[in-house]
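Student: One structure coming up, written as structure tokens, with questions to follow.
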Amino acid sequence: MAFLSHRTATALGLVVVLLAGAGIVISAVQRSDDDTGALAGTSATPAPPAPAPTPASGTPALPAPAEPAPADDAPAVDPAAPGSEADPAPAQPGVELPPPPEAEADEPDLPVSEPLPVLLPGPAPATDAETGAVVAGFPAFIEPAPESTVSSSMVTSEGDRVQAALTASSSETAEKVRAHFDAVFATHHLQPTPVPAVGGSTALAYTRGTESVTVTLTALAGGGTDYSVLANLDATG
């Protein structure tokens, strides 16, 4: 009997413990339901948005992000970058650029050419001839060579056309006689041109336009030179 009573007391103790535990569980479930209802009520009414934080005084506000620029096929040119069109490249050291061309000055007027000297001024001389001397009316610009002896001279006129001839000899060489006539005729713009000659002679034609003077030189075996002059000129009178 005592043994049953002990077992009964033990069982009753367990029952009491279980009941106490069940009460704790029920109380925890009720609290859980209360918390769930509170959460449900909170979800039903949304909370107002929190105000944006105000930056503290002295702290600059961050700028809004810039919108990206549209892409371009050609890269942008920085005017300040070297080599850009806005900043031409400097000249290479040691290379001097030529100065800008200056305006051409007016060309000076060419000097007026002097008129050619007249070979036979005045009217045509009368036809005449002389032996051993220079005939009257013979062209004055035809000067006999130095150390000369005149054999004969003549002038003939036909209108304004005049022909003058002279034969003489000089103790000078043929080269010196030619040099004499070259110098005399050059002052009258008569230029020499070699022309055919016979008998070992040398002939030169001094011409200017339609007028001419032909000189024939023949060197003498014993020294000296025989020469002849034939002129075709225009009278101006």
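Student: Return the residue satisfying two criteria in turn: it lies in the range 138-163 and is in a loop (DSSP other than H, G, I, E, B) and not hydrophobic (A, V, I, L, M, F, W, C), and of such residues it is farthest from G224 (Cα to Cα).
Tutor: Only one residue fits best here, namely G159.
Rundown of residues vs (1) surrounded by fewer than 14 Cβ atoms within 10 Å (Cβ to Cβ); (2) assigned by TED's automatic domain parsing to the domain that holds F141; (3) in contact with a helix residue (DSSP H, G or I) (Cβ under 6 Å, 6 or more places away or on another chain); (4) farther than 19 Å from T236 by Cα, yes/no style:
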position: E158; (1), (2), (3), (4): yes, yes, no, no
position: Q163; (1), (2), (3), (4): no, yes, no, no
position: A168; (1), (2), (3), (4): no, yes, no, yes
position: T173; (1), (2), (3), (4): no, yes, no, yes
position: R178; (1), (2), (3), (4): no, yes, no, yes
position: V184; (1), (2), (3), (4): no, yes, no, yes
position: P196; (1), (2), (3), (4): yes, yes, no, yes
position: R208; (1), (2), (3), (4): no, yes, no, no
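Student: Okay, moving on. Is there a residue in the range 215-227 that is in contact with a strand residue (DSSP E or B) (Cβ under 6 Å, 6 or more places away or on another chain), surrounded by 13 or more Cβ atoms within 10 Å (Cβ to Cβ) and under 20 Å from P117 (Cα atoms)?
Tutor: no
The values are calculated or read from the model by the stated rules, or taken from the named source; none is laboratory data. The shown structure was predicted, so the numbers you read here are calculated from the model rather than taken from an experiment. Don't worry about glycine lacking a Cβ; one is built from the backbone with ideal geometry, like all the others, and counts go over all protein chains shown.
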